[in-house]
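S.K.: Just dropping this structure here.
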Amino acid sequence: MKGWMGKAKAIFLLSFTALLLAGCGRENLTALVPKGYGAEQSMKLIILTTVVMGSVFIIVCIILAFVLFKFRRKKGQEDFIPKQVEGHKGLEVIWTVIPIILVIIMAVPTTLVSFDLADASDAKDHLNIKVTGNQYWWHFDYEGEDIQTSQDLYIPVGEKVYLNMISTDVIHSFWVPAISGKMDVNPENVNTMYIEAYEEGVYYGKCAEFCGPSHSLMDFKVIAVSKEEYDKWVADMQNYDPEKDKPESAIAQEGKELFEQNNCMACHAIGSSPNQVGPNLTNFGNRSKLAGIEEHTKEKVIEWIQDPESLKPGNLMTGKYPKLNDDEAEKIAEYLMQLKATDITPDSAGK
Ligand code: CUA
C-alpha cells in the first residue's frame, strides 16, 4: 500500500511540474519560440544539447536494460563469478573518448555563437541605444537622436540594434527571451549587446538578476514596428515640444499645474530632457502597462501616485512628494493619461 502511495505521489508531482512549466510558454515571453536573432541562435544550441544529452540518456538506458536482462543470475549459477574486466584498456578508451567527442560537439557551436553575439565591430553602422537600469525601471536614450524614453523600447523590425547598457545602482540583467539572450547591466562598466526582432510586435522583457524587493516587477517592453512606423515615431518624438502640448481638458490642465506644484519635474522629464532620476513620461498615455506590471488605467495611476509602495515595494518615488488627496491624484492621473507624443503605440505594432 505504501509503495503504491509513493508512486501516486511521484506521478502527481511530475504532472503538476509539467503543467506548471507548460504555463511558462507565454507568447513573446518565451525563449522556446524565438522571434529574433539572439534567441534563434540560443534555440539552436538548446536543441543541439538536448539531442546530444537525450541520446546519451536513451542509449545508456537501453544498454542498462539489455545488460540487466542478458546477464542476470540464472538458476544453478549461484557460485558463478563472471569474467572480470576491471582496467580493460579498450573499455577505458571508449568511455573516455566518447564524452570528449560529445563535449566538443556541444562546445564548438556554443563558443562560435558566443563570439558572434558579442561581436560589436559594426556597431557604428547601426542604431545605438544607451540602456540604463534603475531600481526598478529602464531608461532608453537613443544616441545621437535626441530621444529619451522609459519602459517602452521602440525598434525597427528586422534591423540590428545595439544596446549599450549601464546601471545607476545595483546589477540588473536585460532579458527579452523571445528575441535575445541575457546581458548583465553593471554600475561600473558598459556592456554591449545587439538585438534584432524578426516580426513586428510587442516583446516582453524582464530583469533577470535579483536587484531588490521589486526585482520581479522590473518589466519592460520591446516594441518592434515597421521601418515606416519607426521613422514616423522618431520624427514625432523629435518634433514633440512639451511647452506647446496643451492638456486636452480643464481637469488635465489642473493636473498639469498640480504636477508642477508638487515638483514632480525634479525627477520626471517630459520631452527629450536628459533628466532621468525617474522614468521619462513623454509617452505615458501610450504605455500598455503602468510601472511595468500594472494595468494601464486611470484608476491604477491614481492608486500608484497615492501609494507607489503598495504596488512596487522599495521604489524611489515613495515619500518624495506630499501626500495627494483623491481629487489631486485624479487630476494628475488625468493629465498623465493624455501625455502622447505620437500615435505609434504598442497596440499599433504589427497591425
Ligand atoms: Cu533589476 Cu532585477
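Since every read-out is calculated from the coordinates, none of them should be taken as a lab result. Not measured: the values here are computed from a predicted model. Please note: Cβ atoms are built from the backbone with ideal geometry, for glycine as well, and neighbour counts cover all protein chains shown.
S.K.: Report the label-to-label distance for ASP146 and GLU260 in nanometres (one decimal), using points 7 Å from each Cα along the Cα→Cβ vector.
M.R.: 2.3
S.K.: Sticking with this one: In what sequence, highest mean first, do 78-89, 171-182 appear when ranked by Cβ atoms within 10 angstrom? Each step should come with its number before you reach the end.
M.R.: Values: 78-89: 7.0, 171-182: 23.8.
Top of the packing list down: 171-182, 78-89.
S.K.: While we're here: Relative to the longest principal axis of the chain, what angle (0 to 90°, nearest 10) does the C-alpha long axis of helix 250-261 take?
M.R.: Computed tilt is about 80 degrees.
S.K.: Report, to the nearest 10°, how far helix 2-22 tilts away from the longest principal axis of the Cα atoms in the chain, using its own Cα long axis and a range of 0 to 90°.
M.R.: 40
S.K.: Farthest toward the dipole's positive end in the chain, which of GLN41, ILE302, VAL157, given Cβ charges of +1 (Lys, Arg) and -1 (Asp, Glu) about the Cα centre?
M.R.: In the chain, that residue is GLN41.
S.K.: For the chain, what is the calculated [θ] at 222 nm in deg cm²/dmol (nearest 500), taking -39500 (n - 2.57) for each run of four or more DSSP H residues and dividing by its residue count?
M.R.: On the way: 8 runs with 135 residues, N = 351.
After summing the helix terms and dividing by residue count, I get -13000 deg cm²/dmol.
S.K.: While we're on this one: Shape of the chain from its Cα gyration tensor (a ≥ b ≥ c, root eigenvalues): rounded if a/c is under 1.5, otherwise prolate when a/b > b/c, or oblate?
M.R.: Numbers: a/c = 3.17, a/b = 2.13, b/c = 1.49.
Prolate, since a/c reaches 1.5 and a/b exceeds b/c.
S.K.: Here's a follow-up. Once fully extended, how much extra length lies between LEU316 and VAL60, figured as 0.36 nm per residue of separation less the alpha-carbon to alpha-carbon distance? List each step's numbers first, then the result.
M.R.: Numbers: separation 256, 0.36 × 256 = 92.16 nm, distance 5.48 nm.
Full extension from LEU316 to VAL60 adds 86.7 nm.
S.K.: Let me ask another. Put a dot 7 Å past each Cα toward the Cβ at MET43 and LYS246; how far apart are the dots in nm?
M.R.: Result: 5.1 nm between the two label points.
S.K.: Then there is this: Could you tell me the calculated FRET efficiency between THR50 and GLN77, based on Cβ-Cβ distance and R0 = 41 angstrom, to the nearest 0.05?
M.R.: Working: r = 41 Å, r/R0 = 1.00.
Computed FRET efficiency for THR50 and GLN77 comes out at 0.50.
S.K.: Gaussian network model of the chain, Cα springs within a sub-10 Å range: biggest mean-square fluctuation belongs to which of GLY212, GLY285, GLY144?
M.R.: GLY144
S.K.: Just how large is the dipole of the stretch 32-149 about the Cα centre, in debye to the nearest 20, putting +1 at every Lys and Arg Cβ and -1 at every Asp and Glu Cβ? Walk me through the numbers on the way to the answer.
M.R.: Values: 11 positive and 13 negative charges, 283 e Å.
Charge dipole, the stretch 32-149, about its Cα centre: 1360 debye, nearest 20.
S.K.: What does the charge dipole of the chain about its Cα centre add up to, to the nearest 20 debye, if the Cβ of each Lys and Arg holds +1 and the Cβ of each Asp and Glu holds -1? Please list the in-between numbers first.
M.R.: Details: 34 positive and 48 negative charges, 608 e Å.
That gives a dipole near 2920 debye.
S.K.: If each of THR110 and GLN253 carries a label point 7 Å out from its Cα toward its Cβ, how far apart are those two points in nm?
M.R.: Result: 6.4 nm between the two label points.
S.K.: Now for a different question. State to the nearest 20 debye the size of the charge dipole of the stretch 211-275 about its Cα centre, where the only charges are +1 on K and R beta carbons and -1 on D and E beta carbons.
M.R.: Values: 6 positive and 12 negative charges, 38 e Å.
Here the stretch 211-275 has a charge dipole of around 180 debye.
S.K.: Right, here's the next one. Hey, with R₀ at 41 Å, roughly what FRET efficiency would GLU159 and LEU13 work out to, going by the Cβ-Cβ distance, to 0.05?
M.R.: On the way: r = 46 Å, r/R0 = 1.11.
The pair GLU159/LEU13 has a calculated efficiency of 0.35.
S.K.: Can you work out the FRET efficiency for the pair LEU32 and ASP326, with r the C-beta to C-beta distance and R0 = 30 Å, to the nearest 0.05?
M.R.: Details: r = 45 Å, r/R0 = 1.51.
Once rounded, the FRET efficiency stands at 0.10.
S.K.: Under 20 Å Cα to Cα from LYS74, which lysines show up? Leave out anything in the same chain fewer than 8 places away.
M.R.: Result set, ordered by chain and number: LYS83.
S.K.: If you don't mind, there's one more thing I want to ask. Relative to the longest principal axis of the C-alpha atoms of the chain, give the angle of the C-alpha long axis of helix 227-239, reported between 0 and 90° and rounded to the nearest 10°.
M.R.: 40
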